[in-house]
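Since the structure comes first, as structure tokens, the remarks are kept for the end.
The values are calculated or read from the model by the stated rules, or taken from the named source; none is laboratory data. Since this is a predicted model, take the numbers as computed values, not measurements. Cβ: placed from backbone, ideal geometry, glycine included. Neighbour counts: every protein chain shown.
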Amino acid sequence: MMPREFLPYFLAMVLLVIGLYAVMGKKNLVKIIIGVIVMEYAINLFLVLVGYRGTGDAPIVTKELNQNPEALKAFLANAVDPLPQALILTSIVIGLATLVLMIAIAIRIYEKYGTFDVSKIRKLRG
Amino acid sequence: MRGMSLIVKTVTRLVAEFITIFAVYIVLFGHLTPGGGFTGGVILACSFVLLTLAFGKDFSLHILSKRAAGIWDSVGALAFLIVALIGYKAGAFFLNLWAKPATFTLKSAGIIPIANIAIGVKVAAALFGGFIALAVFRRHGPGGYEEDE
Amino acid sequence: MFDALPHIYTLIFLMIVGSVIAIETRDLLSTVISIGAVGFLLSLVYLMLGAPDLAITQVVVEIIVLVTLIRLTVTRDDTTVDEHRDVFALGSGLVFGGLLLAASIYCFQDAVAFGSPLMTVSQGYLDKSLQLTGAANVVMAILLDFRAYDTLGEATVIFTAILGAYVVLRKIGRKHDAGDVPHS
Amino acid sequence: MSQAASLPLLVAIPLGTAFILPVFHRMKRSAAVADFISATAAGALLIITISLLGVDRQVYWAGNWNPARLIGIALYADGLSKLLLLIINLVSLAVVLFSIQYMARYTSRILYFSLFMLMIAGMNGVVITGDMFNLFVFLEIASIASYALVAFGCESEELEASFKYLILGSIASTFVLFGIGILYNQTGFLNMAQLSEHFQVAGMSRAAIMAACFFIVGFGLKGAMVPFHAWLPDAHPSAPAPISAMLSGVLIKALGIYALARLFLNVFPVSNAFAVVLMLLGAVSMLIGVLMAVGQWDFKRLLAYHSISQMGYVVLALGIGLGVVSRGGSDIVAGLALFGALFHLFNHSAFKSLLFLSSGSIEYATGTRQLKEMGGLRKRMPVTGVCCRIASFSIAGIPPFNGFFSKLVIIIAAFQAGHPWLAALAVLVAFLTLVSFLKVQTYALDGELPERYRNVKEVPAAMGLGMAILAVVCVAAGILFLRSPLAGMIMEPARDALLKTSDYARLVLGG
């Protein structure tokens, strides 16, 4: 088995595979949408795991910290990596945006066919 | 959507204002505490969604019509772009003007609070408009969004 | 010192279980509720890993998504999935997923270990953001100053998607009276 | 430094246009306003792009966060970016002109133009960025705009195609972002130049190789390389014709091919293994695409399959060039292959957009896309007929049109690099393409005019103008880009940007 240091990354990967399976293998529009959501969770989870450090202090400098050089130094050495968090925030927004569009198209397809089942919908040739 | 029972309506009336105030706080103090424009905008949109669910869509559309939501969406986005272009004029795209280091006040972070407000307005309007468009789609038969021409 | 690791493992494990339930259950409403639970678990993970911004954002986004998804499912008649298992899809999915996982076991061996990121660039952000930008929240300083151009893109993405939703939900897309075919 | 200052405008102008257009929604004469603003913006973008040509590389640091302070996001335009910028903004101007009349058939033209501008902003952003995550963000803008535009007609077929495209596009985005996450874990950098510098010193770790594989899947999906092409034959024909022209002519190149070229030639250290993968992807796409195309009777679907096939040429040539570079072979051969790839990239965007626009014109006038129902249209539609013929000759590789030269260059490069079988395959595919387009000519333009099309009229002038611009490019590029000052201004810097693989980091970070 893999060392403890890499197990979290691997678990994020498992989540990605589960999402991928739902997207590729399921025949229901809602399930496919859920698969995409799971993939987004997996990627965000992976990024936040990448950024974790030490004791896991949130990267926010408070007024008290700023007045106390000792504490500030310890904080700077222990706070988690803020950059992946900024990336995740963007990624959450992008995921939400994709989801809105996906739901809109799914509603429209439902209106045309009266079902979410892909096997009853697909007229298009591969 | 017709709205829900009296209890729900009463509670909503009490809670919605607090949610709105909380959203404004989250937007304004994004550079000092956790939160920020996007988060605050989503919370604001949540309070509109709550009103829609409790009182029906006519009530919330009375506060913010679909057309107004679309315009606020554009206005927020444009405001953010203008923040960037002011920096561009002064030397670099998104140059942080007016930054006052380490004072821990509302004005300390230059363009960041302004950009937060722009994003908050934008996101709240966009998500509210999107939710209304998605939620009322079926109730009006085919079609949810009106046409031009 | 608080060791977050065991809690993290538990939460991620629960997320995996929740996702599997969400994907395999037949009732669409249960599916949506399970995925909501997974989202809230993820926000707990964020909170434990020192990301309060993300935790708040994840919770509120989750609420909006859940409300919309529940409205999507409960107002439609087609709420259960009649599962006709596609053996080929299942098999190829398992094989592909297995390959991906095996490759990741091999490749993650030389990943930088969990809990000690390199921080080649971001240590600078952490150290100097208060002095240079005046923002105490370093994530916000990165988001709206160091990488503000990204955030412009982010705002644009949501603008685009909402506009796209309006476009897709229009009553009529084509004008049929415009004389498409002159002699039909 | 003064020239570099116009780089952010390439994104800011279309974004501003897109943000302001919906404000006029449902106002009187909104469509006319949209036409005017969009055409002006597209023209301005082309002017800025042309003003960038001929100047040396440009670096611009957003927010003035440069490596001397704290590193932020770099905007970087070298020869390759400028070639792509020229393609994007030239085709988009022609397409905007075409859209003004064509989109009168659809409702909400103002929202159409807004989404169109967002798509342009996304593509411009992708090709000028020097940052991995920024590339992802702008890739998403362009993709999401294109999902919505594919479904613009709101018919069931379009919605299904759009959903399929959206799902596969999300998978692609996930893979790209996962790759970025792994790279960040490995190096702590997001800037492409810093990544390049890091990999030149440290080499590729196993995790970095995995990230590279994720990028191949992700960008391969965006660029519709063959095992990942399933969405393209549905999405491209379903979209309104101007959007098909943008998707096939520009989008798959800017999001897929450009990103692959930039990553595997500039960011990652050159490696023969990736060269083999690219050659394989290219060869398979080339063959499968054309085989699927030969049997098609739907005009737009046929064109869509040809897009896969022609992109196969480009990726094949990129792979050949990368292989020669990584084996330390002669710079002339590698340069020839890369030149061929970029030249074909440019040519394809001109003739494939033109073909889609003429298919749109024919559909506008006759209401059909089926080749069997057409016939003799060149008598009734002279402008469309001539344009369609020029484009068909170009893609079929008939001299002196541009497609002939770029295919010839690629075939010679494949031969000289020691891949005679690939050269033979390229010749075979060129032949099949020729056959396929002879079919188009025979059925659509020549032959008997069917009774019901006796009164078909030529399309309005603005549509003709849009097509004429691209037709001129098709005819002129064949000669001009091979041997003229233009070649030195546009093609050679683009080739050198890819050929001198290790210069990228130095040029960006060196200030």
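Couple of notes before you dig in:
- Residues of segment D:310-352 classified as surrounded by fewer than 24 Cβ atoms within 10 Å (Cβ to Cβ), without any contact (Cβ under 8 Å) to a residue 60 or more places away in the chain and in contact with a helix residue (DSSP H, G or I) (Cβ under 9 Å, 6 or more places away or on another chain), total: 4
- Counted residues, segment D:99-132 - those being more than 22 Å from A:Val100 (Cβ to Cβ), more than 18 Å from the chain's Cα centre (by Cα), part of a helix (DSSP H, G or I) and of a type outside the set (Lys, Arg): 7
- Looking only at segment D:105-137, residues that are polar (S, T, N, Q), touching a Leu at 6+ places or on another chain (Cβ under 9 Å) and within 8 Å of another protein chain (Cβ to nearest Cβ) come to 2 in all.
- Criterion (without any contact (Cβ under 8 Å) to a residue 12 or more places away in the chain and among the small types (Gly, Ala, Ser)) met by exactly one of D:Ala241, D:Ala230, D:Ala273, D:Ala261: D:Ala273
- Restricted to segment D:174-252, the set of helices (runs of 4 or more DSSP H) holding at least 1 residues that are within 28 Å of A:Val17 (Cα to Cα) comprises D:192-202, D:206-223, D:232-238.
- Verdict on A:Leu47 being at the interface with chain C (Cβ under 7 Å from one of its Cβ atoms), in a helix (DSSP H, G or I), hydrophobic (A, V, I, L, M, F, W, C) and within 13 Å of the chain's Cα centre (by Cα): no
- A:Leu89 vs. criteria in contact with a helix residue (DSSP H, G or I) (Cβ under 8 Å, 6 or more places away or on another chain), within 21 Å of D:Met132 (Cα to Cα), part of a helix (DSSP H, G or I) and not hydroxyl-bearing (Ser, Thr, Tyr): yes
- Where A:Pro84 falls short, out of the listed (1) at the interface with chain C (Cβ under 7 Å from one of its Cβ atoms); (2) under 13 Å from the mean Cα position of the chain (by Cα): (1)
- Subset of segment C:1-45 (residues that are more than 7 Å from chain A (Cβ to nearest Cβ) and of a type in the set (S, T, N, Q)): C:Thr10, C:Thr25, C:Ser30, C:Ser34, C:Ser43
For (1) more than 22 Å from D:Phe356 (Cα to Cα); (2) over 20 Å from the mean Cα position of the chain (by Cα), each residue gets a yes or a no:
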position	(1), (2)
D:Ser394	no, no
D:Pro399	no, yes
D:Ser406	no, no
D:Phe415	yes, yes
D:Trp421	yes, yes
D:Val435	no, yes
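- Output for segment B:51-101, where each listed residue is within 30 Å of C:Leu130 (Cβ to Cβ), more than 7 Å from chain D (Cβ to nearest Cβ) and in contact with a Lys or Arg (Cβ under 9 Å, 6 or more places away or on another chain): B:Gly76, B:Ala79, B:Phe80, B:Trp98, B:Lys100
- Among the residues of segment C:48-64, those identified as at the interface with chain A (Cβ under 9 Å from one of its Cβ atoms) and part of a helix (DSSP H, G or I) are C:Met48, C:Pro52, C:Asp53, C:Leu54, C:Thr57, C:Gln58, C:Val61, C:Ile64.
- Count - residues of segment D:24-46 that are surrounded by fewer than 21 Cβ atoms within 10 Å (Cβ to Cβ) and in a loop (DSSP other than H, G, I, E, B): 4
- Hits in segment A:1-10 - residues which are without any contact (Cβ under 8 Å) to a residue 24 or more places away in the chain and under 16 Å from the mean Cα position of the chain (by Cα): A:Phe10
- Only one entry of D:Leu15, D:Leu21, D:Leu9 meets the criterion of being surrounded by fewer than 21 Cβ atoms within 10 Å (Cβ to Cβ) and part of a helix (DSSP H, G or I), and that entry is D:Leu9.
- Filtered by the rule that a residue be of a type in the set (Gly, Ala, Ser) and under 10 Å from D:Phe356 (Cβ atoms), segment D:223-262 gives D:Ala239, D:Ala241, D:Ser244, D:Ala245, D:Ser248, D:Gly249.
- Some residue of segment C:159-170 being part of a helix (DSSP H, G or I), at pLDDT below 90 and either of a type in the set (Val, Ile, Thr) or touching a Lys or Arg at 6+ places or on another chain (Cβ under 8 Å) (or both): no
- Some residue of segment D:42-49 being free of Cβ contacts under 8 Å to residues at least 24 places away in the same chain and under 27 Å from C:Gly124 (Cβ atoms): no
- Index of the failed condition, C:Val60 passing every other in (1) touching a residue at least 12 places away in the same chain (Cβ under 8 Å); (2) over 25 Å from A:Tyr21 (Cα atoms): (1)
- Among the residues of segment B:1-49, those that are of a type in the set (Gly, Ala, Ser) and in a helix (DSSP H, G or I) comprise B:Ala16, B:Ala23, B:Gly37, B:Gly40, B:Gly41, B:Ala45, B:Ser47.
- Among the conditions (1) farther than 16 Å from D:Leu115 by Cα; (2) at the interface with chain C (Cβ under 8 Å from one of its Cβ atoms), the only one that D:Ile141 does not satisfy is (1).
- Scanning segment D:256-276 for residues that are in a helix (DSSP H, G or I), under 12 Å from D:Val324 (Cα atoms) and polar (S, T, N, Q) returns a single hit, D:Asn272.
- Among the residues of segment C:98-121, some residue qualifies, meaning at least one is assigned to a helix (DSSP H, G or I), away from chain D (no Cβ under 14 Å) and not charged (D, E, K, R).
- Within segment D:256-295, being polar (S, T, N, Q) and out of contact with any Ser or Thr (no Cβ under 8 Å at 6 or more places or on another chain) holds for no residue.
- Meets criteria (at the interface with chain C (Cβ under 7 Å from one of its Cβ atoms) and closer than 17 Å to D:Tyr165 by Cα) for A:Gly25: yes
- Looking only at segment D:288-328, residues that are basic (Lys, Arg) and modelled with pLDDT of 95 or more come to 0 in all.
- Of note, D:Gly63 satisfies the criterion of being on the phi > 0 side of the Ramachandran plot and in contact with a Gly (Cβ under 6 Å, 6 or more places away or on another chain).
- Yes/no for D:Thr49 being out of contact with any Pro (no Cβ under 7 Å at 6 or more places or on another chain), surrounded by fewer than 17 Cβ atoms within 10 Å (Cβ to Cβ), assigned to a helix (DSSP H, G or I) and modelled with pLDDT of 90 or more: no
- Against the numbered list (1) over 30 Å from C:Met119 (Cα atoms); (2) more than 7 Å from every other protein chain (Cβ to nearest Cβ); (3) within 20 Å of the chain's Cα centre (by Cα), A:Ile34 comes up short only at (2).
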